[in-house]
Amino acid sequence: MKGLGEFFDRRRDVEIVIFAGKGGLGKTTSSSSLAYYMATVKNKKTLLFSTDPQASLSDIFERDFFGKGVTEIIPNLYVVEIDADRRVAEYQNEVKQKIKDMYGLDEVPAEIEEYIDSTSAEPAMYESATYDAMAELVAQKNFDIYIFDMPPFGHGVRMVAMADILSKWIEKITEAREKVVEYDEVAATLKGGGQASEDMVMKELLDIRNKIKNFTDLITDRKRTAFFMVLIPESMAIVDTERALKMFNDLGIEMSGLVVNQIYPVELLQNPNLSEFLRNRILMQQQYLKVIKEKFGDYIVAAVPMFTREPKGLEMIKIASEDLIHSKIKF
Ligand SMILES: Nc1ncnc2c1ncn2[C@@H]1O[C@H](COP(=O)(O)OP(=O)(O)OP(=O)(O)O)[C@@H](O)[C@H]1O
Ligand SMILES: [Mg+2]
């Protein structure tokens, strides 16, 4: 593996980069490192994006960006941390307003209101807010490259599977609806008010379908989008990555590469005074690195060491970024 630098030298058309993978293995660290490199070395106007409610970008850059809009940290490097809960609330209010407008009501009926409020607990609402925000930012075309640090849910793309089903379903409904309009145009005009609100429902459905389509187009566009997964040399992470890879394949999402993170320096094994504890951990990792190589082969684009301290703050991000880009570890 030659590092992410070599990958981006080959794939100069990439505008969107997504880091996904199981929780806690290094998505935020990798996306921040790549963003730092793109902004400082490649002079690209870079947007680093997250909807993690843990405010992990604020954490790693040691500055509070959460819910504060797009912020420039250093020249060319912009960060935005979307407050997804707030977006969900805004979306719910929008739905309530639409119901009131559609049916000419002053207030949303209590039962419906309760139902709408209960949807905030749905992970799908949160995901949908994430994808909406992503698609919106990309559509504005204000940046050369967009780097998405996905929150730790369903590898960040479970929604694509749902989107596919939902999209087909909406297609069926709209088709049926169009047929009715075709056959029954006169009767429909005679119906007056009822027709108008039905058309609004139809418009809503089409809007949802278009949003989903925009997002799926974005994430499956092989020319514009690079999709990475991060893993560590441990059994669970390997099993999980395999599962995710299969899911992505089924969804038509091509994984661009794997970043192997948190590798202990194998040279330490030369040290006769090395503790048994460390020796065992290193040997275990070396075993799993072999497995990773067998299973994922050419997908591996970078191998990043375990750092002696937490990769936090610009100085450490710069170091982490060099390891991700040049990938000095060989295995
Ligand atoms: N190579 C590394 N060396 C040392 N510590 C690391 C390394 N990579 C990540 N970490 C640390 O491991 C923790 C998890 O990393 P990170 O936040 O990047 O993972 P994540 O995949 O974004 O997690 P989440 O799924 O919770 O968003 C952090 O505390 C980070 O500082
Ligand atoms: Mg994270």
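Just a few scattered comments:
- Cβ-based exposure ranking for SER31, SER56, in which fewest neighbours within 10 Å come first: SER56, SER31
- Here the dipole of the chain is about 1760 debye; that uses its Cα centre as origin and unit charges on the Cβ of Lys and Arg (positive) and Asp and Glu (negative).
- Given LYS27/LYS141; LYS22/LYS172; LYS45/LYS211, the pairs whose alpha carbons are separated by over 28 Å: LYS22/LYS172
- Rotationally averaged projected area of the stretch 213-305 (alpha carbon convex hull; nm²): 6.7
- For ILE232, the residues whose modelled amide H falls within less than 5 Å of its own, excluding neighbours fewer than 5 places apart on the same chain, are ASN261.
- Calculated FRET efficiency for the pair GLU254/VAL70, C-beta based, R₀ 25 Å, to 0.05: 0.30
- Segments 108-118, 42-52, 59-69, 139-149 sorted - mean Cβ within 10 Å per residue, highest first: 42-52, 139-149, 59-69, 108-118
- Per-residue HN-Hα couplings for the stretch 109-114 [Karplus 6.51, -1.76, 1.60; θ = phi - 60°; Hz; x = Gly/Pro]: x, 3, 4, 5, 4, 4
- Considering the chain at the alpha-carbon level, its Rg and Dmax are found to be 23.5, 91 Å.
Bear in mind that the values in this text are calculations on the coordinates, not laboratory data. Keep in mind that what you see is a predicted model, and the values were worked out from it rather than measured. Cβ sites come from the backbone with ideal geometry, for glycine too, and all protein chains shown count toward neighbours.
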